[in-house]
Each structure stands twice: as C-alpha cells, then as structure tokens.
Amino acid sequence: MYNSKITGLGYFVPENVVTNDDLAKVMDTNDAWIQERTGIKERRHVVKGGDTTTTMGVKAAKIAIERAGIDKDDIDFIVFATLSPDYYFPGPGVLVQRDLGIKTVGALDVRNQCSGFIYALSVADQYIKTGMYKNVLVIGSELHSHGLDMTTRGRSVSVIFGDGAGAAVLSREEDNSKGLLSTHLHSEGQHAEELSLIAPGMGKRWVTDIIEDNDHNDESFYPHMNGQFVFKNAVVRFSEVIMEGLKTNDLTPEDIDMLVPHQANLRISQFIQKKFGLGDDQVFNNIMKYGNTTAASIPIALTEAWEKGKIKEGDLVVLAAFGSGFTWGSAIIKW
Ligand code: ACO
C-alpha cells in the first residue's frame, strides 16, 4: 500500500470582480447585509462569452502540473468535480483530457457539489493507494454566475456564489506517514431538495417544459437554498467529520496546523474555528474575495494558503466540506 501526496497546486479565477455594491445595482441588497451574514466583499464572475467551467479548470490544472514537476503525459487519471458542467453530457473530465492533450487516460466526473473536491480527492487517493495509478489530476471548477437568478427574488442565493477553479496533482508517496492519511465521506439524501437546482433534469422533463410550456422563468430553473437549515446542518456535520478524521489517526484538534474549510460562509468557518479552539493563523479563509465557489473553493484556498507559505512540510492540514446532497467529508493530510 502506498499513500498519495499533493505534489502540485494551482488555481484560476476570472478577472471580472463583482462587488456587493455592483450587486446592489441589479437587486435589492446591500454591502452591509452581505458582509454581516456571509463575510463576502466581492466575487469573480465570468463575462459572457469568456471562460467556461472546463477552461478555468484547464488553466488551474496547467499550473498544478507544472508545479508537480511532471509532464501532462505522466497523468494516469483525471477526476473533475463540478455542479456547473459546460454540457449536460458529456462531463468536463473528457474535455480536460482533450484540451490538455493528455493521452487517452480515464476521466471521471464527480457530482457532489460543495463536497465535490473532497470526494474527488478521496477517489484519487484510493487509486494511488492500491498502486493502480501514480499521478492523478484532480480539478474542482464552477461557473455559477451564468445560472443565478440575479433579481431580488434570487438574492439570498445569488450574492453568495462566485466563479473559479482549483486543481491538485496527487502522486504516489512511498512513506506511509506522509500525504493523505485518510478521507471520510458522508451523505444524507433526505435533505436533497433543501439545497438544489431541480431543472434542467429529466425529473422535470425540462425540454418539454421550456419549449412547450415556456416556463423558463420557473423558480426551479434557479438554485434553491433553505439557508438557515443548511447553516444549522453545516456546523454540526463540519465538526463531526473533522473529529472523525482526527480520531481515525489518533490525533486531536491541538494537532491541527492548518484547517482549510470549504468556503461556504465566513460565519460557518468562524464557528468551527471557535469550537476547535484554533487561532486565526490556523484556519484559512478567502471567501471575502471569491464568495462560495463550491467544488473549487477548497483547492483555491489550499493553493493560496500554500503560496502564502502558510502550509509547510510536516504540517497537519485538515480539509472539510459540507454541501448540497447533503454531502460532507474531510481529508487529513500530513504535508
Ligand atoms: N440582501 C438583503 N436582504 C436579504 C438578502 C440579500 N442578499 N437575502 C435575504 N435577505 C433578507 C430576507 O428576505 C429576509 O428578510 P425578511 O426578514 O424581511 O423576510 C432577511 O434578509 C433574513 O433572511 P434569512 O434568509 O433568514 O437570512 P439568514 O440570516 O439566514 O442569512 C444566509 C441567509 C446567508 C443564506 C444564511 O442562511 C446562510 O449562510 N446559510 C448557510 C448556507 C450556506 O452557507 N450556504 C452557502 C452555500 S451552500 C454550501 O456551500 C453548501
């Protein structure tokens, strides 16, 4: 059995900055409300005709591959996590294989929303642990802005989300005390609709509905979130799954050097920080700049933390996420 280790990280965010004041011009909201409830000051939105989920993922991946010190031809497998794919099918994994000119390796798409990157990491880790693959490219990318209800009706959801991508190369590590020590995944489908986008989906018979009934303004064509219910579940599940990961490895919260939580809401991160007694330098947050980028949020934050020198060799790094599904998960990493 091998371990897997993150050997390269990269991220890409579109240039176009959308501030809270910009949003207040198109819907009834304001900077104070958004900052107080979410911590977000600005986010990035792809301009019309600009990047796609795939092209942002490709840009992040190129940086991660270069930093891993490998060639694209060394990639044995691709895992792509997103809730905002370019096409209904095929998923973006094969588009990355094509656009990066990677040989005909397998490409897998992960549909686990905010937990997507941790699910993707866990899949990649198992392939490396068993010895099947040496280098796996893991991408989380989202283009939310084109699918949000940018009117007052959608304000409680639309102010939260931003666009961007992050990527990691996972490589074989022969020393079992290093790299990904364990990953922990959970789901509770009972609450599937509490944070969801119902259409397009075959359950909605969306083609017929759009074309024949002309109900494209139906609320089910936009994301729905029961905010307070999601918040309450998130703080409980984040705490549980972090503790589960620590206990599995005979560790305690005191052993954490850096917690990189999914950037759902600054208030959730602050709650977790307080609960585990962590200092400001032990939790990395960048939701203020990018909003919630769902499957991209952890790899973007992890890359920024690493670039700023906040993650060093030998550190215990904990990743944790909670989101639509509900799904949640954690990863315990000895850097
Ligand atoms: N601007 C101004 N007012 C607003 C806005 C807005 N953008 N959105 C909602 N409001 C109003 C509401 O209409 C409501 O008004 P009312 O009292 O007159 O009815 C009031 O603000 C309070 O609305 P709530 O929805 O109760 O506000 P809440 O304090 O719950 O904050 C929020 C909403 C930020 C979504 C919060 O519930 C939350 O963070 N939930 C956690 C979910 C989460 O983190 N989601 C992130 C994405 S999901 C994920 O990553 C898994």
Next item on the list: Pairs only if they're at least six apart or on different chains, beta carbon under 6 angstrom, first in the stretch 14-41 and among the acidic types (Asp, Glu), second surrounded by 14 or more Cβ atoms within 10 Å (Cβ to Cβ); list them, first residue then second.
Entry: 21/31; 31/20
Note to self: Would you confirm whether or not the stretch 78-92 contains a residue that is buried (at least 19 other Cβ atoms within 10 Å of the Cβ), over 19 Å from residue 319 (Cβ atoms) and within 14 Å of the ligand (Cβ to nearest atom)?
What the structure shows: yes
Margin query: Condition (residue is surrounded by fewer than 23 Cβ atoms within 10 Å (Cβ to Cβ) and within 16 Å of the ligand (Cβ to nearest atom)) applied to the stretch 6-19: is it met by at least one residue?
Written below: yes
Next item on the list: Sort out which residues of the stretch 8-24 are under 14 Å from residue 143 (Cα atoms) and among the acidic types (Asp, Glu), and write them in order of number.
Entry: 15
Notebook entry, point to check: Does the stretch 120-142 contain any residue that is away from the ligand (no atom under 16 Å from the Cβ), within 12 Å of residue 223 (Cα to Cα) and part of a helix (DSSP H, G or I)?
Noted result: no
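Read the figures in this text as sums done on the coordinates, not as results from a lab. What you see is a predicted model, and the numbers here were worked out from it, not measured in a lab. Note that each Cβ is placed from the backbone with ideal geometry, even for glycine, and that neighbours are counted across all protein chains shown.
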